[in-house]
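First up is the structure itself, then whatever we jot down about it.
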Amino acid sequence: MTQERFISLVRAEQEPLRRFLLALCGGDAALADDIAQDALVRAYVASGSFLGLSKFSTWLFRIAYNCYIDHCRKVRPDQTSLEDAVALPASETSDASFRYQQLYQALERIPEKEKAAIALFYFEDKSIKEISAILNMPQGTVKYQLSMGRNHLKQYIQL
Amino acid sequence: MKEIEEFLRENKPVVKDDPTFILEAQRRMEAVEGIKAEVDRQRCYGRLALIITLMVGLFLGVVATAIAYLYPLDANTVGQGILDSIRQFLTTWKQHLLLPVALLAIALSLVLMSGKRSRSTF
C-alpha cells in the first residue's frame, strides 16, 4: 500500500478513530491523539500485511485498541484518577459539558472491554460482528460486554 | 435501559477538528520511510561485505593452494621449526607476556559487561 493511499484511507477514518480513543481515554484529547498517532505508525508499518479481508476501518480500530491496551499496561493504575478523566475548559459549564463530564467519568469507572464495546457500538455505530473482530472476542461475548457495560453505566449516570 | 442507550447515542464524544493531525501522521510516516530506507541500505552493505569477504576468501584459498602446489615443502620440517620457534619465544618472553594477557582479559570482561548493561536498558 502506498503512502498516499494509506493517507487517503486514514483521512476518512481519522475522526471516528480519534473519537473512539477519546472515549477510551476518558475525554483526554491529547492522550487520545497521541495513541492515535502511534496506532497510525503501527498500521503504516504493518500495511503490507493488510490483505483487504476485512474493512480497513476494522483493521485500523483493532490496532488502535491494541495501542490503547499497551498504553494502559505501561501506565500504573495509581497514576490516573477519576478527577483527571475530563479536561474540559472551565468556561464550558453548559448542560452539554456537564453531560460529557458525567459520561467520561462513568466510562472511566467501567472495565476496558465494556468501555470499548460501548464506544464502538454507540459512538461509532459498529455492528456486533465488527466489534467482535476489533476486540478479538466472540460475538456472544461482545453482547455480554455491552449488556454489562450498560448496566454499569446506568449506575453511574444520572438521567 | 432505553434511556441509557439514548443518552449514549445523543452524547457521542465530540472531536475537535485538527488539521495538524494528518500532517503529523504524514511526518511520522516520512520518518518511518527514512528508517526503512536506512535499514535497507545497511542490509545491502552487509550483503555486499559478505560477498566481498567470500570472494577474498576464495581468492586467497586459490592463491594458497597454488603456492602449495608450486612450492611443495616438507610438512614435518616446517611444523617442527614453527613449534620450536614458538616454544623459544614463550620461554624468553613469558614474564612480559603475562601483563598484556591480563590487561586483555580485563578489557574483554569490561566490554562484555557494558554490552550487557546497554542491552538491558532497551
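What the table shows:
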{"item": "Two-decimal Rg/Rh across the protein assembly as shown, once Rg and the Kirkwood Rh are taken from alpha-carbon atoms", "result": "1.31"}
{"item": "At least 24 Å along the helix axis (C-alpha) and Kyte average at least -1.0, DSSP helices within chain B", "result": "B:19-70, B:75-120"}
{"item": "FRET E, pair A:Asn136, B:Lys2, Förster distance 25 Å, beta-carbon r, rounded to 0.05", "result": "0.25"}
{"item": "Hull-based mean projected area of chain A, where the convex hull spans the alpha carbons, in square nanometres", "result": "10.0"}
{"item": "Full-stretch length increase - A:Ser127, A:Ala46 - with 0.36 nm per residue and alpha-carbon distance subtracted", "result": "26.7 nm"}
{"item": "Extension gain (nm, one decimal) between B:Leu73 and B:Phe89, 0.36 nm per residue minus Cα-Cα", "result": "3.4 nm"}
{"item": "Shielding of B:57-64 by partner chains, average beta-carbon count, 10 Å", "result": "0"}
{"item": "Value of Rg/Rh across segment B:1-72 [Cα atoms, Kirkwood radius]", "result": "1.68"}
{"item": "Sites B:Arg43 and A:Ala96, calculated FRET efficiency, Cβ-Cβ separation with R0 51 Å, nearest 0.05", "result": "0.40"}
{"item": "For residues of B:23-35, the mean tally of beta carbons on other chains within 10 Å", "result": "4"}
{"item": "FRET E, pair B:Ala64, A:Tyr144, Förster distance 51 Å, beta-carbon r, rounded to 0.05", "result": "0.10"}
{"item": "B:Asp17 paired with A:Lys74, simple spin-label distance in nm, labels 7 Å along Cα-to-beta-carbon", "result": "3.1"}
{"item": "Ordering of A:10-23, A:95-108 by packing [mean C-beta count within 10 Å, highest first]", "result": "A:10-23, A:95-108"}
{"item": "Shielding by other protein chains, A:45-51, mean Cβ within 10 Å", "result": "1"}
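Here, each number is a calculation from the coordinates, and none is a lab measurement. Since we're looking at a predicted model, the values are computed, not measured. Because the Cβ atoms are built from the backbone with ideal geometry, glycine has one as well, and the counts that use them run over all protein chains shown.
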